[in-house]
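The structure appears below as structure tokens.
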Amino acid sequence: MKFIYGILIGVLLFGCTPSPSDQIEHISGYWEIEEVILEDGTKRAYTYNPTIDYIEINDSLFGFRKKLSPKFDGTFITSKDQEILNLRISNDSLYLDYTTKFDSWTEVVLQLDKTKLVTKNPDKVTYLYKRYTPIEID
């Protein structure tokens with residue numbers, strides 16, 4: 001009987017994990033860093049962000065990431081700089097392959113849904129993002 005319960009719990013835990021291809025629909029949009037966790041476990045919370053990340057991906061899984069500075073009127077200040085972005089699925093994980101004229105790197109997506117994005121870079125730094133919501137001043 002314990003064996004059957006173990007199988008059922010395993011199916012529930014692992015069967016409910018979204019597949020990487022199902023996560024892709026959530027990547028495009030505005031993201032704000034909430035917390036960074038270094039390899040040694042040190043955490044840094046971001047209570048205020050002067051910039052946010054805008055990610056845009058097309059149907060071919062190519063796109064870009066750009067830094068934006070929000071303004072109080074709801075618009076953004078941006079530069080012409082952007083990172084070319086390619087999404088890739090490998091070994092049941094979603095990877096973000098970035099390229100600039102100076103460097104290239106890959107981050108693995110640990111979690112992605114409509115409100116949260118968690119990635120880890122090659123230096124084992126984990127970035128926790130939340131969906132950006134503009135500040136409304138009445």
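Every number in this text was worked out from the coordinates using simple rules, so none of it is lab data. Keep in mind it's a predicted model, so treat the numbers as computed, not measured. Cβ sites come from the backbone with ideal geometry, for glycine too, and all protein chains shown count toward neighbours.
Counting other Cβ atoms within 10 Å, keep those with at most 15, restrict to DSSP loop, and tell me which chymotrypsin sites (Phe, Trp or Tyr not before Pro) in the stretch 80-123 are left. Could the numbers behind the result be given before it?
Details: sites: Tyr95, Tyr98, Phe102, Trp105; in loops: Phe102.
Taking the stretch 80-123 and a limit of 15 other Cβ atoms within 10 Å, the loop chymotrypsin sites (Phe, Trp or Tyr not before Pro) found are Phe102.
Residues with amide H under 5 Å of Leu94's amide H, sequence separation 5 or more or different chain, H placed in the peptide plane at 1.01 Å from N; which?
Counting only residues 5 or more places away or on other chains, the set is Val109.
Give the residue list of trypsin sites (Lys or Arg not before Pro) in the stretch 80-138 that are DSSP loop and have at most 10 other beta-carbon atoms within 10 angstrom.
Answer by residue number: Lys80, Lys101, Lys114, Lys124.
Obtain the nm distance between the two label points defined at Asn58 and Phe76 by a simple spin-label model: each point lies 7 Å from its Cα along the Cα-to-C-beta direction.
Roughly 1.9 nm, to one decimal.
Going Cα to Cα from Lys116, which lysines come in below 27 Å? Please leave out same-chain ones fewer than 8 positions away.
Cα-Cα hits under 27 Å: Lys43, Lys66, Lys67, Lys71, Lys80, Lys124, Lys130.
Just to verify a number: FRET efficiency for Asp40 and Trp105, C-beta to C-beta distance, R0 = 22 Å, to 0.05?
Approximately 0.60, to the nearest 0.05.
If you wrap a convex hull around the Cα atoms of the stretch 20-131, how much volume per residue is inside, in Å³?
It comes to 117 Å³ per residue, whole-number rounded.
Could you give the length gained on full extension between Ser69 and Asp113, defined as 0.36 nm per residue of separation minus the Cα-Cα distance, in nm?
Here the segment from Ser69 to Asp113 would lengthen by 13.5 nm.
I want to check the label-to-label distance for Asn91 and Asp22. Put each point 7 Å from Cα in the C-beta direction and report it in nm to one decimal.
2.2
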